1. Within the range 190-205, track down each residue that is surrounded by fewer than 22 Cβ atoms within 10 Å (Cβ to Cβ) and at pLDDT below 90.
2. How many of the residues making up the range 115-149 are outside any helix (DSSP H, G or I), under 20 Å from residue 45 (Cα atoms) and in contact (Cβ under 8 Å) with a residue 40 or more places away in the chain?
3. Looking at the structure I just gave you, is residue 84 surrounded by 12 or more Cβ atoms within 10 Å (Cβ to Cβ), outside the structural domain of residue 246 (by TED's automatic domain parsing), in contact (Cβ under 8 Å) with a residue 12 or more places away in the chain and closer than 24 Å to residue 173 by Cα?
4. Would you pick out the residues in the range 52-84 that are assigned to a loop (DSSP other than H, G, I, E, B) and at positive phi?
5. Among the candidates 63, 69, which residue alone is touching a strand residue (DSSP E or B) at 6+ places or on another chain (Cβ under 8 Å) and under 16 Å from residue 34 (Cβ atoms)?
6. Considering only residues that are more than 13 Å from the chain's Cα centre (by Cα) and touching a residue at least 60 places away in the same chain (Cβ under 8 Å), which ones fall in the range 183-227?
C-alpha cells in the first residue's frame, strides 16, 4: 500500500505495512497518566494556600491539560492562579516562587502564573505572553481546579485586540538584543519559530490552540506561500519536533540558521498583521 494512501475500512494492517503517522512517535498516553498530571496540578493548591493565606484565588489548568493533549514526560503542567484582589502583592515574584515550590528539585515541569482578576477583565496592560490570549484560553479550554469560577466575568477579546497584541508580542521579540538571541536555548528558539503560526491561527480564528494544531493549520494554509523560503525548513522542523525527541537536537552549527529563521518569521508575521 503506498504511504500516502489511507487504508479503507476493509483493509488490514499488520506491523509490516502499518502506515506511520507523526503521533506514532509520541510517548504512550494513558488515562492514568492524565489523572496523575491533574492530581499533581491539584496538589499545587496546597502550596498556594501557604503563599496566599488571606486572599481569594482560583486555580485553573491550561495548556496541554486544557487542550486535552497532555503527554507524560514531554508536556508541561501549565497553571494559572487568578487573584481577586491582590493589593500590593508582587504577582510576578509570587509566580516564580510558587513555581519553584511546586516542582521537584531540578524540575521545571509545573509552570505557575498569577494574574490580577481586574487585569484580565479590563485588559488595559500588556504581558510578554499576551493577556488577551490568556483570556481566550481561560474561556475556551481551562479546567477549574480550585476556587470560584471567574470566567463569567471575562469578555471575549475582539479581533482587533488579538491583532494588536500579536503585533506587540512580535515587536517585543524583534527588539531583543543580539546577546539575547545568541543565548536562547534550542527549545526557546523552537517556540519562537512556531510563534508566527500561533499568532496567525489566533488572529484568524480568535482561538488559542496547541503548537501542533497551530502549525498544522499554518502549513496547510494558502498564506504559507508567502513565508520566507529560508525559514521554511525550520518551521517544518518545529512541527516535527512536537512529535519526536530526535528532531529536537539540531547540530550546534545549525543554530545560527535557526536564529535567523526565527527572526525572519517574526518579520513575516508583522507584515501580515
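1. Scanning the range 190-205 gives a single hit, 191.
2. Matching residues across the range 115-149 total 9.
3. Numbers: surrounded by 12 or more Cβ atoms within 10 Å (Cβ to Cβ): yes; outside the structural domain of residue 246 (by TED's automatic domain parsing): yes; in contact (Cβ under 8 Å) with a residue 12 or more places away in the chain: yes; closer than 24 Å to residue 173 by Cα: no.
Here the answer is no, as residue 84 does not meet what is asked.
4. Taking the range 52-84 and keeping what is assigned to a loop (DSSP other than H, G, I, E, B), we get 52-56, 68-76, 84.
Scanning the range 52-84 gives 68, 73.
5. Numbers: 69 fails: touching a strand residue (DSSP E or B) at 6+ places or on another chain (Cβ under 8 Å).
The conditions single out 63.
6. Restricting attention to the range 183-227, the residues satisfying the condition of being more than 13 Å from the chain's Cα centre (by Cα) are 183-186, 189, 200, 203-206, 216-227.
Hits for the range 183-227 are 184, 186, 189, 200, 203, 206.
Conditions tested, residue by residue: (1) over 17 Å from the mean Cα position of the chain (by Cα); (2) surrounded by 16 or more Cβ atoms within 10 Å (Cβ to Cβ); (3) under 14 Å from residue 52 (Cα atoms).
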{"position": "89", "(1), (2), (3)": "yes, no, yes"}
{"position": "97", "(1), (2), (3)": "yes, no, yes"}
{"position": "110", "(1), (2), (3)": "no, yes, no"}
{"position": "114", "(1), (2), (3)": "no, yes, yes"}
{"position": "117", "(1), (2), (3)": "yes, yes, no"}
{"position": "120", "(1), (2), (3)": "yes, yes, no"}
{"position": "143", "(1), (2), (3)": "no, no, no"}
{"position": "146", "(1), (2), (3)": "yes, yes, yes"}
{"position": "156", "(1), (2), (3)": "yes, no, no"}
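The values are calculated or read from the model by the stated rules, or taken from the named source; none is laboratory data. Quick caveat, the model's predicted, so the values are computed rather than measured. Because the Cβ atoms are built from the backbone with ideal geometry, glycine has one as well, and the counts that use them run over all protein chains shown.
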